[in-house]
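Notes to accompany the following structure.
Nothing in this text is a laboratory measurement; each read-out follows from the coordinates by a stated rule. As the structure is a computational prediction, the values presented were derived from the model and not from experiment. Don't worry about glycine lacking a Cβ; one is built from the backbone with ideal geometry, like all the others, and counts go over all protein chains shown.
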């Protein structure tokens, strides 16, 4: 699981720069400029993501099982993933009430995704992958909400049309991923075999 561990450290490390390396990040942005920082950030993130995909794929070839979840746990996972996709949609559609209420819907989407997958994926690689993402998302959400309170940041709501758009996009993306994309991209269908 060396590639998986290295990928997680790189990917989550760069995505935690505002937690652990805030001063270094400010100095790098000031020294190289925001565009160069974004390029470096994207490149390092991509390297981490590739290592995660390779490492997780390798770990799935010889899994170490930690528990055996009951079949109904997949249904709980599927339900939580519906909410995860709705929060993910709220991240990208401006002016919706979910974003106005929680401030950082992407982090809630990641928390739901990670927790849902921990429930129905019982190997050591799953615990490492989804567990670290869960800890990261919980930590960053708490920090982000505290920073919002201290700065008096608020997220405006533009009305019901934006809220409906969040639901339509979130449910549509969930359906596409559950019915087709999860099998194509991950290699496993989340739907029960009938």
Query - Full-extension gain in nm, residue 75 to residue 47, via 0.36 nm per residue minus C-alpha separation - result: 6.8 nm
Report summary line: Simple spin-label estimate for residue 66/residue 36, 7 Å along Cα→Cβ, in nm, reads 4.2 nm
Report summary line: Length gained if residue 1 through residue 148 is fully extended, taking 0.36 nm per residue and subtracting the Cα-Cα distance, is 49.2 nm
Query raised in the report: Taking only C-alpha pairs under 8 Å that are 6+ residues apart, what is the relative contact order of the chain in percent?
Result: 24 percent
Report summary line: FRET efficiency for residue 188 and residue 168 from the Cβ-Cβ distance with R0 = 30 Å, rounded to 0.05, comes out at 0.65
Report task. Decide, for region 105-194, between rounded, prolate and oblate: order the square roots of the alpha carbon gyration tensor eigenvalues as a ≥ b ≥ c, take rounded if a/c falls under 1.5, and otherwise choose prolate if a/b is larger than b/c, else oblate. Result -> oblate
Requested in this report: Only helical DSSP H runs with n ≥ 4 go in: add -39500 (n - 2.57) per run for the chain, normalise by residue count and round the 222 nm mean residue ellipticity to 500 deg cm²/dmol.
Outcome: -25000 deg cm²/dmol
Report task. Quote the relative contact order of region 102-154 in percent (integer), defining contacts as alpha-carbon pairs under 8 Å separated by 6+ residues. Result -> 44 percent
Query raised in the report: Is the shape of the chain rounded, prolate or oblate, going by the alpha carbon gyration tensor and its root eigenvalues a ≥ b ≥ c, with a/c under 1.5 for rounded and a/b larger than b/c for prolate?
Result: oblate
Report summary line: Percent relative contact order for region 1-62, counting Cα pairs under 8 Å at least six residues apart, stands at 65 percent
